[in-house]
Amino acid sequence: MSTRSIALALALSAAPLTSVAQTTPASQSAAELAARDPGGAVTAALGSTRALVRRGGAVTAPARGRSTQWVLARLQLAARPPRVAPDAPPKCYVLLAVASAVTNVAATIRADGAAVEQSIGISAASASGVRSTRFCVGAGTMRIEATARSTSATGWAAALIEAPPEPASAQRDPQLGQGARERLALALAANRGDGASGNGANAARASARIELGGSELDFVGRQLREAYASVQGARAVTEASRAVMQTSQEREVRAALEEGRCYEAAAFAVPSVSDVDVSWIDPSGVRAAQDRGHQPSERVRVCPRFSGTFRATLRMFSGSGATVLQVIEVPSS
């Protein structure tokens, strides 16, 4: 073969490689790293953040038609139930996890055995790299465990880190990130005595818009926000109260309701919950309204005939898992 023919052949063979390199999406680099080296991908995702728990390894292929389950991360927070104030805020964490398998690998996060988040896809191919999942648990939680399930052999890596009380994205979003600043404005107005006058109270209320579903980006918060996205004029009256609940457990949220307005006690839970009971108790202790369904989410309305402090109660009738309870003012018509 002549020198010219050899050069032409080399040029033709190189052309397809050049074309592929030009059309490969940049996002695939993260997926390729995760598929090749899950541990290295998690290290890159962590950066300088300290991991509370970090694990990695590989699982073999299970028998046909079966799946393998293993522990991604386990964090023991307390040996016995701690004493926690009723209004103690939840604790939030982030799970970083990835599996090299091409087939779906699903992860589940549990707090004291109750599912907080589930069906989290952590396959490198589907997540385009390391999957980051933010979740919150009650202040009294004793143990957090994340598990994964796969129907094929896979390498994997995971890390659990603490999350800030409010995600950075909420601080950047004017629709979601005003909560802390607005609550501070309300507190300052109250300290100045503005609340003693009608105009001051109305101004404080207007400036202190509480976030629907809270600032957490978890499953129950998303469900609540989506439920009220189309309700014109819906306004949160109380902070979103989160807790991981077991069957027969109860809790309540108190709210000052005004005559001539309408409110809903909104309760949402993760899929491991099949039925919650929601009701309103008036200032005299009489049940003013209650749900009549058998659902993992309920919205119970009350339009009080007199102003006062009402109680929105939530009882876990069947199942267990993460819940959110919030009082929402809604249009009367």
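Below are the figures for this structure:
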item	result
Coarse-grained scattering of segment 24-162 at q = 0.10, 0.17, 0.18 Å⁻¹, given as base-10 log I(q)/I(0) from a Debye sum over alpha-carbon atoms	-0.34, -0.87, -0.96
LEU77-ARG305 FRET efficiency (beta carbon distance; Förster radius 30 Å; 0.05 resolution)	0.10
Sequence-distant residues sharing a close amide H with VAL244 (under 5 Å, placed H)	GLY138, THR323
Translational D in µm²/s for segment 213-330 (Stokes-Einstein at 37 °C, 0.692 mPa s, Kirkwood Rh from C-alpha pairs)	234
Computed FRET value (nearest 0.05) for GLN118 with CYS262, which takes r as the C-beta separation and R₀ as 25 Å	0.15
Value of relative contact order over segment 24-162, rounded to a whole percent, pairs C-alpha under 8 Å and six or more apart	41
Long-range HN-HN contacts of SER123 with modeled amide H, under 5 Å	ALA99, VAL105
Sorted peptide list for 238-247, 284-293, 70-79, criterion being average Cβ within 10 angstrom, highest first	238-247, 70-79, 284-293
Point-charge dipole on Cβ atoms (K/R +1, D/E -1) for segment 24-162, about Cα centre, debye to 20	340
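Coordinate-derived values only; no laboratory data. Note that the coordinates shown come from a computational prediction; the quantities given were computed from them, not determined experimentally. Reconstructed Cβ throughout: ideal geometry from the backbone, glycine too, with neighbour counts over all protein chains shown.
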